[in-house]
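The values are calculated or read from the model by the stated rules, or taken from the named source; none is laboratory data. Bear in mind the structure is a predicted one, so any value in this text is a computation, not a measurement. Please note: Cβ atoms are built from the backbone with ideal geometry, for glycine as well, and neighbour counts cover all protein chains shown. Calculation scope for accessible area: heavy atoms of the full protein, side chains included, ligands and nucleic acids excluded. Shrake-Rupley method; radii C 1.70, N 1.55, O 1.52, S 1.80 Å.
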Amino acid sequence: MWQEVSLDFIFLLSIFLPFLTAIFLFLNKKLFNELMTNFFTLNAALLSFAIAAYSFVVLALNKFNGVNIELFQWISNPDISIGFTLDGLSGIMLILVTGLSFVIQLFSTSYMEKDENYSNYFIYFNFFVFSMLLLVMSSNFLVMFFGWELVGLSSYLLISFWSKKPAAAKAGNKAFVINRVGDFGFLIGLMIILDNFNTFDFYKILNNSNEVSENTITLISLFLLLGAFGKSAQFPLFSWLPDAMEGPTPASALIHAATMVTAGVFMLVRISPLLQHSNLASLLITVFGLITALLAAFSAINQYDIKKVLAYSTISQLGFMFIAIGAGAYVAAIFHLVTHAFFKALLFLGAGAVIHSMHHEQDIRKMGGLRKQMPITASMMGVGTLAISGIPPLAGFWSKDEILASVFANGGIYYIFWALTLGAAFLTAFYMGRHWLLIFEKDNGFEHSDINEAPKAMTRPLLLLGIFSIFIGFINTPFFHGLEKVLHVNLENVEVTHLPEGITLVVLAVLSIGAGFTGLIIAFLFFGIELHKRIDLQKFKLEYPINLIKDLSFNVLYLNKFGNLFFVSGMKNLTRKVAVVVDGMLIDGSVNFVSTAFNKTSKITSTTQTGMVRNYVVYFGLFLLLLIVLFIATPMVQS
Amino acid sequence: MTRRKEIAMLEVTTDWYLSLAAILFTIGFLGMMIRKNALIMFMCIELMLNAVNLTFISASKHFGQIEGQVFVFFVLVVAAAEVVVGLAIIVSIFRKQSSASVDVLNVARG
């Protein structure tokens, strides 16, 4: 009994602690120097993580039967209340967000050193953590929507943190506007839900999902899906994420790699009992996830900004998660979310360390050969690269293999999807191999003798995340289904795709490892020993296709330019026309017409008001005469 | 009998009173329209009111009902009050322009 009571309330603390920290830092902005800010924000983050870990342990002892806390009921009919829940799904996210928040804040104390808005950064950061926890811990769609919007806001604040740079300000706006498109869909989805279920509570909705027709569920799913596409940067709403790299690198690590962009995946897993009833929605999720995974992986192979490669890689990996959801492998999606959070945070922080040591140079063509100067960063980035490429026994292998196997297990058209996903996995290994080799190995002819290893406050988080990136995969292997046990309550009534058995699984695993290794080896051939310079390209007539691929990849298939031309310029022209025709002529015209009409008629009628009393007497007499005539002329009515 | 009949023919009937009232009212109304002296106009109004009073009383007598005479009292009271206000206005007009012509007072024209 004691345990239940303590569990009930204590996890709320870890949600609101970052919020209180943000307020505390804001109030003492002028007073605190960097050291004091560090002291409060790091201790608060650690405490928050400790409470989260404790809650998770108690939850585990409770066999992952979740608790629901309704703080208060807002409206009784329809049933809308403010409440939080701690179950397997939100528990994982709670640990992930608070844990990574602490590690990344530790890194930030060094990265953001001597920034003029030092405390602002940590205020925004803590505010983001609070918003994200609001999103994941909510027990109903309303609080989730609050969190959903607030992470958008704090993401905007952090992307345009260096708002003196025009590119950063623009990128923040772009992210915000594109997210609006998704949020628009999310909001409409919520309205349809309220209309059909008369409540926002997850459990009431998900348990009553049989009462609503499949068409309605498909409609709800599609609108919510739009929201997920926006937040998780899926095709066609993905172009804000590469631009979002204008923000500080540690913020990118937490927001645009590990947590916020996975909100869409989280939300779809949350509504999985609903989603499983709609085949159309599932198919769409798979197809769009696949397009995103391939397109982003293709775009990553010829980027030169150290962070943009990682951004496209994030989009591509999120695509993998969407594929898993579409294939009904919800556990695999969450598994990949967790492993990806660790190795992508590691890669981003590594990139941050490199950028820091290179004095804010982000072009990887100007790096090269940094392995000797930055051994710890290089080895940890290497671990991250191997993990994301799916090399066993590192984390990425287990989750990616599970996704691939689940897609395969669906059969039918999913065999094609499986092959394409495998292709995306191969591309992943290729561009990540290229990324690492260009930064740390290949000699680009730049002198780097003045470059030193990053300070300890940076390398320690790297080491920590590196260890996790190696071992976190073991929480859910074919031999030990740990994550499935955690999520079993959430997915109680959900048909989860089961992995194929025996030899098929082994063959699939070998193929996925093969794709990873092949990608790395080809990357090594091109960028390690520079094969293309040793053979005569003219002879094989390969120069043109390679340049074409490079060009298309660098410009993301010209989708951004197309989007600008079609949506931005088109919309500008349209609004200009609307401004002239509808606003200028129709609306202004009608308003002006009414006023001039009144003006003119009143001018005419006011001439009767001469101000001469005797004229009025004449009117009076005339009307009296009229009345008498009418009185006489009207036939008497018999009563 | 014949003499009585002649006397009856000369009797002043209600029509006579009504005709007188109509004549008085018309005189008052024409005065309102023609004269521009505020004082004269005021007297014309009084004339019209009394014409109406006469109509009320004769109708009351004709139909043998009391309501018409009650109305006359109301009209008299209103007229008395109106005289008070109206004379005050006329006095203030005099103070302002030293003539009682209403045609000069056309500031409220449209």
Checklist outcome for this item: Comparing each residue of the stretch B:31-49 in the complete protein assembly with the chain by itself (heavy atoms, probe 1.4 Å, ligands and nucleic acids ignored), those losing at least 30 Å² of accessible area are B:M32, B:M33
Checklist outcome for this item: The lysines whose Cα lies under 19 Å from the Cα of A:K29, excluding any fewer than 8 residues away in the same chain, are A:K114
Item to check | Residue (of A:M93, A:T596, A:M381) at the positive-pole extreme of chain A, dipole from beta-carbon charges | outcome: A:T596
Checklist entry - Using the heavy atoms of the protein chains alone and a 1.4 angstrom probe, what is the accessible area of the protein assembly as shown per residue in square angstrom? => result 48
Checklist entry - List the aspartates and glutamates whose alpha-carbon lies under 13 Å from that of A:K344, not counting same-chain residues fewer than 8 positions away? => result none
Item to check | Separation in nanometres of the label points that stand 7 Å from Cα toward Cβ, at B:L30 and A:I82 | outcome: 8.5
Checklist outcome for this item: In order over the stretch A:483-498: 3J(HN,Hα) from phi, Karplus 6.51/-1.76/1.60, θ = phi - 60°, whole Hz, x for each Gly or Pro, gives 5, 4, 5, 5, 8, 4, 6, 4, 9, 4, 9, 9, 7, 9, 5, 8
Checklist outcome for this item: If exposed means trypsin sites (Lys or Arg not before Pro) lying in a DSSP loop and surrounded by at most 11 other beta carbons within 10 Å, then the longest stretch of chain A lacking such sites spans residues A:165-371
Checklist outcome for this item: Measuring from its Cα centre, the protein assembly as shown shows a charge dipole (+1 at each Lys and Arg Cβ, -1 at each Asp and Glu Cβ) which, in debye to the nearest 20, is 2360
Item to check | In order through the stretch A:19-29: 3J(HN,Hα) via Karplus (6.51 cos²θ - 1.76 cosθ + 1.60), integer Hz, x for Gly, Pro | outcome: 5, 5, 4, 4, 5, 4, 5, 5, 5, 9, 4
Item to check | Cα-based helix-to-principal-axis angle, A:141-159 vs chain A, degrees rounded to 10 | outcome: 70
Next on the checklist: Going by amide H atoms built from the backbone, whose H comes under 5 Å of the H on A:T477, apart from near neighbours?
Outcome noted: A:G482
Checklist entry - the stretch A:267-298 to the stretch A:317-335: how many Å between their Cα centroids? => result 8
Next on the checklist: Going by amide H atoms built from the backbone, whose H comes under 5 Å of the H on A:I69, apart from near neighbours?
Outcome noted: A:F84, A:T85, A:L86
Checklist outcome for this item: For chain A, averaging the sequence separation of alpha carbon pairs under 8 Å that lie six or more residues apart and dividing by its residue count, the contact order in percent is 12
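Take every Cα pair under 8 Å in chain B that's 6+ residues apart, average their separations, divide by the length, and report that relative contact order as a whole percent. Intermediate results must be reported in sequence, preceding the final value.
Details: 77 pairs, mean separation 28.1, N = 110.
Answer for chain B is 26 percent.
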Checklist outcome for this item: Taking placed amide H atoms and a strict 5 Å upper bound, the residues 5 or more places from A:N140 or on another chain that come that close are A:G83, A:F202
Checklist outcome for this item: The ³J(HN,Hα) series, computed from each phi in the stretch A:327-338 with the Karplus coefficients 6.51, -1.76 and 1.60 at θ = phi - 60°, rounded to the nearest Hz and given as x for glycine or proline, is 7, x, 9, 5, 5, 4, 4, 5, 4, 5, 4, 5
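For the stretch A:147-280, what does the relative contact order come out to in percent, with C-alpha contacts under 8 Å and a separation of six or more?
Numbers: 170 pairs, mean separation 41.9, N = 134.
Relative CO of the stretch A:147-280 lands at 31 percent.
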Checklist entry - Want the number for A:N564 to A:Y415: 0.36 nm per residue separation, take away the alpha-carbon distance, what's left? => result 50.1 nm
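Output the pairs from A:K63/A:K307; A:K30/A:K308; A:K164/A:K561; A:K600/B:K36 with a Cα-Cα distance over 29 Å in this structure; if there are none, say none.
The pairs that break the limit, which is 29 Å between Cα atoms, are A:K63/A:K307; A:K30/A:K308; A:K600/B:K36.
If you take the square roots of the eigenvalues of the alpha-carbon gyration tensor of the protein assembly as shown and sort them as a ≥ b ≥ c, do you get rounded (a/c under 1.5), prolate (a/b over b/c) or oblate? Intermediate results must be reported in sequence, preceding the final value.
Working: a/c = 3.17, a/b = 2.78, b/c = 1.14.
Because a/c hits 1.5 or more and a/b exceeds b/c, the protein assembly as shown counts as prolate.
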Next on the checklist: Given the -39500 (n - 2.57) contribution per DSSP H run of 4+ residues, what per-residue ellipticity at 222 nm results for chain B, rounded to the nearest 500 deg cm²/dmol?
Outcome noted: -27500 deg cm²/dmol
Item to check | Computed [θ] at 222 nm, helices only, for chain A once each DSSP H run of length n ≥ 4 contributes -39500 (n - 2.57) | outcome: -22500 deg cm²/dmol
Checklist outcome for this item: So, over other residues within a Cβ distance under 11 Å of A:N560, counting Lys, Arg +1 and Asp, Glu -1, the net charge is +1
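Please say if the stretch A:424-527 is rounded, prolate or oblate, where rounded means a/c under 1.5 for a ≥ b ≥ c the square roots of the C-alpha gyration tensor eigenvalues, and otherwise the choice is prolate for a/b larger than b/c and oblate otherwise?
Working: a/c = 3.62, a/b = 1.65, b/c = 2.19.
Oblate shape, in that a/c is at least 1.5 and b/c is the bigger or equal ratio.
How would the stretch B:12-97 be classified by its alpha-carbon gyration tensor: rounded, prolate or oblate, with rounded meaning a/c under 1.5 and the a/b versus b/c comparison settling the rest?
Details: a/c = 5.85, a/b = 1.82, b/c = 3.22.
Note, shape of the stretch B:12-97 comes out oblate.
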